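What follows is one structure encoded as structure tokens, with my remarks underneath.
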There are 2 protein chains.
Amino acid sequence: MEALASYKAQLREIGKLDSAISLLHWDQRTGLPRKGQDARAEVIGALSKRQFEMATSDELGATLEALEARDDLSCEEAASVRVVGREYRRHKAVPPDFYERFAVASSRSEAAWERARAASDFAAFKGHLEEMVDFARRFAAYYGYEESPYDALIEEYEPGMTSRRLAAIVAPLREKLVPFIERLTEAGAAPDAQFLQSPFPMQAQRALSLRALRAIGYDFEAGRLDTTVHPFTITAGPGDVRVTTRFLEDDPLSGLFSSLHEGGHALYDQGIPDRLTWTGLDQGASFGIHESQSRMWENLVGRSRAFWTYFAPHFAEAYPAARGVSSEALYRAANRVTPSFIRVEADEVTYNLHIMLRFELEQGLISGETSVGDLPDLWRDAMERYLGVVPEDDAQGVLQDVHWSAGMFGYFPSYMLGNLYGAQLFAAIREALPDLDEQFARGDFSELLSWLREHVHRVGRAEDPGMLIERVTGKPLDPEYFLDYITGKFSDVYGL
Amino acid sequence: MEALASYKAQLREIGKLDSAISLLHWDQRTGLPRKGQDARAEVIGALSKRQFEMATSDELGATLEALEARDDLSCEEAASVRVVGREYRRHKAVPPDFYERFAVASSRSEAAWERARAASDFAAFKGHLEEMVDFARRFAAYYGYEESPYDALIEEYEPGMTSRRLAAIVAPLREKLVPFIERLTEAGAAPDAQFLQSPFPMQAQRALSLRALRAIGYDFEAGRLDTTVHPFTITAGPGDVRVTTRFLEDDPLSGLFSSLHEGGHALYDQGIPDRLTWTGLDQGASFGIHESQSRMWENLVGRSRAFWTYFAPHFAEAYPAARGVSSEALYRAANRVTPSFIRVEADEVTYNLHIMLRFELEQGLISGETSVGDLPDLWRDAMERYLGVVPEDDAQGVLQDVHWSAGMFGYFPSYMLGNLYGAQLFAAIREALPDLDEQFARGDFSELLSWLREHVHRVGRAEDPGMLIERVTGKPLDPEYFLDYITGKFSDVYGL
């Protein structure tokens with residue numbers, strides 16, 4: 001077969017296997033009965049192994065080489081070869097048996113972490129974490145890097161990002177956020193959320209989330225909403241982007257915002273054009289850009305005053321305790337700021353500080369300056385510096401996240417970058433669509449979605465995040481947009 | 001690797017792929033969004049192709065040959081080699097490109113059938129059906145047979161069964177059933193079902209089905225209940241046997257019996273021992289034996305007087321219209337006999353006649369004595385002879401079933417055999433457990449399930465159906481058990 005046709009055929013076969021694996025994962029986390037868990041892990045393992053063999057085959061390598069030498073490829077074909085070739089070389093740089101040892105060790109480590117977190121027993125996890133750090137450093141050595149081994153790791157999640165650039169972003173952000181939070185909590189007037197104390201039955205919450213997802217343009221003919229423990233969005237195949245969420249009976253807003261967050265991820269994936277299916281380009285530009293979409297729909301849209309002008313009557317209809325509460329009061333209640341221990345529960349203002357803390361610590365772990373045994377103390381110290389609160393135990397501290405236990409170092413910054421990309425994109429959108437608030441207030445989100453489709457979604461992974469943000473906003477990533485948004489909004493909410 | 005170890009490893013890999021394909025199918029028929037359908041077909045196609053390659057590989061052939069020559073295998077290992085070897089040779093007898101052409105043609109034919117049925121337009125389907133008959137005859141030639149090409153086809157569903165044996169079973173059955181039905185409808189007192197006219201909300205029906213499934217011993221930790229259009233049961237993996245059903249708001253019993261039917265299939269699969277997982281033996285002995293389990297739980301249990309003694313209060317609790325109705329009246333209402341056009345809606349007494357009709361026609365098609373163009377007339381004629389009713393159009397006649405459109409000839413007799421096996425097994429069970437009715441009446445089905453586990457389920461596919469029925473009941477299949485059961489029960493219900 002001709003090289004380009006062979007290349008496309010190979011990617012399609014890899015893509016089909018990917019789709020099958022995604023469905024197996026989705027089911028594992030939504031509906032799989034308990035007694036089917038062990039065998040499911042084996043089924044996923046077998047398909048993943050096969051997928052890895054195909055994605056690292058000599059045949060694919062030869063095809064990539066042939067195509068890299070050609071100059072008659074279309075723009076998207078060339079992007080596919082670039083993106084797929086980059087991954088191919090990363091994978092080929094690592095000996096297969098090293099991968100296998102890592103797979104075994106990381107699943108053991110994750111299980112140990114689960115037990116350790118439940119018992120708040122860092123010592124029981126320490127050995128596993130040391131092993132994971134060691135694996136990560138060796139992965140970095142295999143992948144290669146220019147300046148710092150951490151750069152080789154973050155490349156997986158945010159192509160083109162480096163720890164030097166991250167540090168330059170973090171410094172001004174931290175410098176302004178920390179005192180702003182102090183002012184908010186000390187001098188600000190915290191919104192009242194008393195009326196959110198009444199329980200909210202799951203079925204009614206689900207109906208409300210369905211309404212919100214429909215309003216923002218999520219296509220239920222190409223997806224579905226299910227519940228799970230840790231919400232996620234997954235493309236189970238072309239035309240099939242599934243959202244999951246979690247409803248808490250005693251928290252009337254948590255499930256709604258989780259649905260909007262995952263809905264934001266899903267709108268991105270549903271917006272990737274059909275012609276990119278199974279080409280290696282049918283996903284987001286990076287984890288950070290993906291997070292910009294979820295955080296935008298959750299926060300910049302869902303926690304905006306205009307959104308609540310539209311949504312308050314629907315909310316009150318579903319949740320009788322909110323009847324008679326003004327949309328302004330609901331808006332304010334959805335925007336309380338509280339320095340707290342747990343990242344996933346953090347508000348818009350404090351969230352990035354949780355990330356900076358992790359960035360600081362994992363950089364030290366990978367560079368070798370920080371030893372695993374010191375982590376609990378370092379965590380408490382950093383919490384005090386960043387947020388002014390100190391958790392009482394490690395379950396609420398260093399043991400709270402799954403990422404490190406699974407060997408995922410370099411992942412956390414994506415969350416912060418998502419917030420920054422989101423704010424920068426939204427500033428551009430506000431210029432392009434000056435009456436956005438009026439649209440939101442009447443429940444119309446279609447122009448925002450169209451704008452995102454046209455400027456962000458349609459390119460899939462054909463552009464790296466740095467290229468994308470500069471093309472769309474005219475500037476490289478700049479944390480000032482986020483700072484302007486946050487200080488403006490919350491000074492108002494808190495009456496500063 | 002040593003031959004036996006290599007054999008087991010190959011079967012495990014094939015089994016894992018099977019599990020993945022099963023989940024993709026389950027999802028396709030329960031939750032897959034519309035826009036994901038096309039790609040899903042491609043994903044299933046890719047995995048099935050790979051599975052077929054593994055199941056027909058020269059490596060597997062060589063291993064089978066090596067093991068067939070050995071006499072040191074355990075009983076189950078030998079059974080696995082026998083069953084897997086038989087399938088291997090059937091598949092190898094067919095040229096791969098013939099399979100591929102069949103796969104394309106049958107999916108086209110199924111789609112054409114769906115349209116033709118909706119329009120009740122046999123002419124639009126005729127060409128496809130002719131093609132399917134031609135494929136089936138050529139499959140039979142590839143597979144080989146001793147007496148009749150139809151035997152080669154039924155072997156797929158009911159190993160060891162032949163058209164000659166089937167004809168010998170059908171003749172006495174038909175001879176007694178046809179006049180019995182006439183007597184019932186003419187001289188019998190039809191049960192009153194007036195009180196079942198009130199609508200029954202889906203949620204309440206679902207809760208009732210969950211209760212019934214729990215009562216009969218279905219393990220929800222190793223399965224789940226979902227709704228679909230055409231109910232089915234599927235093993236989505238070890239420890240994961242899923243039931244689906246369909247609720248009709250205006251038919252308070254249909255969904256319940258569908259759940260019990262599928263629950264019967266599921267109890268069989270849940271009862272197959274773990275040690276048979278991914279050995280080729282981890283399924284039922286045949287389609288007929290499988291159907292014996294589903295029909296037993298649906299009819300011999302679910303439509304029994306003793307069952308309704310137990311279940312009437314639960315039914316009335318869920319369905320207010322049945323309050324004050326006696327358990328005897330409910331039992332009788334669940335056992336109305338009506339000669340009708342549609343097989344899947346047929347009662348216990350008339351059901352087998354629908355099958356005999358199809359057996360007669362498909363035998364003629366495969367032998368070449370019957371031409372496709374004559375089918376609509378032949379169908380009407382046979383309906384008159386067997387059931388005394390004639391459908392007004394082909395949608396309610398020859399176009400009602402999917403099987404032929406998908407090239408599945410030789411499948412229908414399994415349904416009838418299921419009824420016969422079930423009655424014969426149940427007669428043996430009644431002898432072994434004389435107080436079965438008292439147990440059912442207090443909602444205890446555990447001894448029945450234990451008996452089935454021990455005598456039927458535990459062997460999986462290690463025994464052919466003929467061997468199984470003889471071992472368990474001491475006699476080869478004999479339709480008299482079914483006739484005794486049916487005439488006894490319905491003479492009573494209809495007061496003959």
Longest site-free stretch - chain A; sites: trypsin sites (Lys or Arg not before Pro), DSSP loop, at most 12 other Cβ within 10 Å: A:71-322
Peptide B:230-243, shielding by other chains (average Cβ, 10 Å cutoff): 4
Average beta-carbon neighbours from other chains, 10 Å sphere, peptide A:46-56: 2
Antiparallel DSSP beta bridges within the protein assembly as shown, as percent of all bridges there, nearest 5: 60
Rounded to 5, percent antiparallel among DSSP beta bridges of segment B:198-294: 60
Bins of 10 Å from zero: percent of alpha-carbon pairs in segment B:83-197: 11, 25, 24, 24, 12, 4
Euclidean distance of C-alpha centroids, segment A:78-136 and segment B:1-50, integer Å: 27
Subset of B:K35/B:K92; B:K8/B:K92; A:K92/B:K8; A:K8/A:K475; B:K16/B:K92; A:K35/B:K8 violating a 29 Å alpha-carbon distance limit: B:K35/B:K92; A:K92/B:K8; A:K8/A:K475
FRET efficiency estimate (nearest 0.05) - Cβ-Cβ, A:Q194 to B:S367, R0 51 angstrom: 0.05
Mean separation of Cα contacts under 8 Å, 6 or more apart, over the residue count of segment B:3-154: relative contact order %: 18
Residue mean of other protein chain beta carbons inside 10 Å, A:216-223: 2
Separation between Cα centres of segment A:350-373 and segment A:436-490, rounded to whole Å: 29
Packing-based exposure ordering (other Cβ within 10 Å, fewest first) of A:S106, A:S80: A:S106, A:S80
Among beta bridges that DSSP assigns inside segment A:126-496, antiparallel share in %, nearest 5: 60
Packing-based exposure ordering (other Cβ within 10 Å, fewest first) of B:F98, B:F409, A:F412, B:F135: B:F98, B:F135, A:F412, B:F409
A:F341, B:F287 arranged by Cβ crowding within 10 Å, fewest neighbours leading: A:F341, B:F287
Straight-distance crosslink candidates among lysines, where the alpha carbon sits under 18 Å from A:K176 and sequence neighbours closer than 8 are dropped: A:K489
Rg(Cα)/(2.2 N^0.38 Å) for segment B:3-154, N = residue count: 1.26
Value of [θ]222 nm, deg cm²/dmol, for the protein assembly as shown, DSSP H segments ≥ 4, -39500 (n - 2.57) each, nearest 500: -20000 deg cm²/dmol
Whole-number Å³ per residue for the convex hull built on Cα positions in chain B: 149
Value of relative contact order over segment A:339-496, rounded to a whole percent, pairs C-alpha under 8 Å and six or more apart: 23
Where Rh is the Kirkwood radius over Cα pairs, Rg/Rh for segment A:3-92: 1.10
Cα-derived Rg to Rh of the protein assembly as shown, Kirkwood definition: 1.01
Estimated vicinal HN-Hα couplings, Hz - segment B:226-243 in sequence order (Karplus 6.51, -1.76, 1.60; Gly, Pro = x): 10, 10, 7, 7, 10, x, 7, 10, 9, 8, 7, x, x, x, 8, 10, 9, 10
Cleavage-rule hits, GluC sites (Glu not before Pro), segment B:370-442, DSSP coil, Cβ neighbours within 10 Å at most 10: B:E392
P(r), alpha carbons of segment A:451-495 - 10 Å bins starting at zero, rounded %: 24, 37, 25, 13, 1
Length-normalised contact order of segment A:3-92 in % [C-alpha pairs under 8 Å, at least 6 apart]: 37
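Readers should treat all values here as calculations from the given coordinates under stated rules, not as data from a laboratory. From a predicted model like this one, the values you see are computed outputs, not experimental measurements. When we count neighbours, we look across all protein chains shown, and the Cβ atoms used for this are built from the backbone with ideal geometry, even at glycine.
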